[in-house]
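Everything below concerns the one structure shown next.
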Amino acid sequence: SSGINAEYGGVFVKDYILTKSDVILTPDYRPAFYFTICSSLVCVLAVLFIRWEEEGTPLIPSPPKIPIFKNRRLLALLGTVFCLGMCHNMIQNFLLWYMEDIDGSHICMGIVVLTEHLSEIPFFFFGEYAIKIFGHTRLIASACIVYAFRFLSYSIITKPWLIVPFEIGNGVTLALMWASAASYVSLVTPQKHQATTLGLLGGLHFQLGHFLSAILAGEFITHVGFKAAWWMYATFILIIGALYVTADTLLPKKDNYEELEGDNVGKVSPPENEEGASVVQQPPLTSQPPKLPHVENADDISPVAEESVQ
C-alpha cells in the first residue's frame, strides 16, 4: 500500500504542477498531503469496526530483566541491525532528493518507491526457506553487501530511470534481513523475553538508526555532496558486515543466555540411563488392596463391592 500511495502521490503532484500552479520550478506537494490525510482517515474508520479481545493482563506490566549484555552474539546482531537501519534511512530520506538533483520526475520517484515495497513481498514469503538454506549469518552479511552495491550504483547513475531496477535489492536489504534477524532473536531469546527483545531490535533499526543517519547523512551531503556520501555509506556497511561475520565466527556458538535468565531456571533435568536417554520416574506401586468405605452392617455392601474385594 505504501508503494501504491507513493505512485499516486507522484501522479497528483506532477499533474497539479503542470495544470494549476503558476510556478513550475516550485513544486506544490499539497495534493499528496491531502491524499495521505484521506487515506489515514479511511484507516481510522476501519480500526473502529475491529472487535478487540481484552485479556486479563495489567495495563502497565513491570519491565522484565533481560541479560542482553551477557549474550555477545546477540549484541553483535543488534549492532549490525542498527547500522543497517542507518543505511535504510539513507535511502528512504535522501534517494528521492538525489533523483530530483539528476532531473528525476515525480512519476519516476513514485515507481522507485513502488518497486521497493513490491520487492519485499516475495522475500518475506520465502524468508523461512532462505533461512533454512543459507542460515542467519549469511543472510545478514548479504544484506550488507547488497546495500554497498546499491550505494555504489547510485554514485555512478546519471539517469533517474536506471535507479528503478536496483530497488529490487530492497527485498534483500530489508525483508530478508528483517526475517533473518527476527528469527535469530526468537531462537536465542527465552519465550518470556521475546517480545521485549524484538521491540529492542525494531527500535534500534527503525528508530535510533534512522534518527542518527538522518543527522549524519545530511551533514555529509551538505559538505561533500551526494556521490561522496554514497561511497562513505558503502564503505561503512561493508566494514560492518565484515566485523559481524568475524564476530559470529569467533564467538562461541552456544552461550549461557538461557542458563542466566531463561525459562529452564530452577527446573531439575530428568535422570538418564546408560544410553543417555531420559528416564521418566514412575510412582512406586503398592501391593495393598484398595480400601473400602467403612460400613456397620455387612448386608449394606453392594454386590459390585463384593466382586472388587474378591
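The values are calculated or read from the model by the stated rules, or taken from the named source; none is laboratory data. Just so you know, these numbers come straight off a predicted model, no measurement behind them. Reconstructed Cβ throughout: ideal geometry from the backbone, glycine too, with neighbour counts over all protein chains shown. These accessible areas exclude ligands, DNA and RNA; they are computed on the full protein's heavy atoms, side chains included. Shrake-Rupley method; radii C 1.70, N 1.55, O 1.52, S 1.80 Å.
One residue alone among VAL146, VAL245, VAL188 is within 18 Å of LEU77 (Cα to Cα) and touching an Asp or Glu at 6+ places or on another chain (Cβ under 8 Å), and that residue is VAL188. Restricting region 164-196 to residues that are polar (S, T, N, Q) and farther than 12 Å from HIS88 by Cβ leaves a set whose member that is surrounded by the fewest Cβ atoms within 10 Å (Cβ to Cβ) is GLN191. I'd like to verify a number: residues in region 95-133 that are in a helix (DSSP H, G or I) and closer than 15 Å to ALA175 by Cα, how many? Here the count works out to 18.
Per the listing SER119, SER105, SER153, the residue uniquely touching a helix residue (DSSP H, G or I) at 6+ places or on another chain (Cβ under 7 Å), small (Gly, Ala, Ser), more than 25 Å from ALA76 (Cβ to Cβ) and without any contact (Cβ under 8 Å) to a residue 24 or more places away in the chain is SER153.
Per the listing ILE133, ILE102, the residue uniquely open to solvent by 100 Å² or more (accessible area, probe 1.4 Å) and at pLDDT 80 or above is ILE133. Within region 87-97, can one find any residue that is of a type in the set (Val, Ile, Thr), buried (at least 21 other Cβ atoms within 10 Å of the Cβ), at pLDDT below 90 and at negative phi? The answer is no; no qualifying residue exists.
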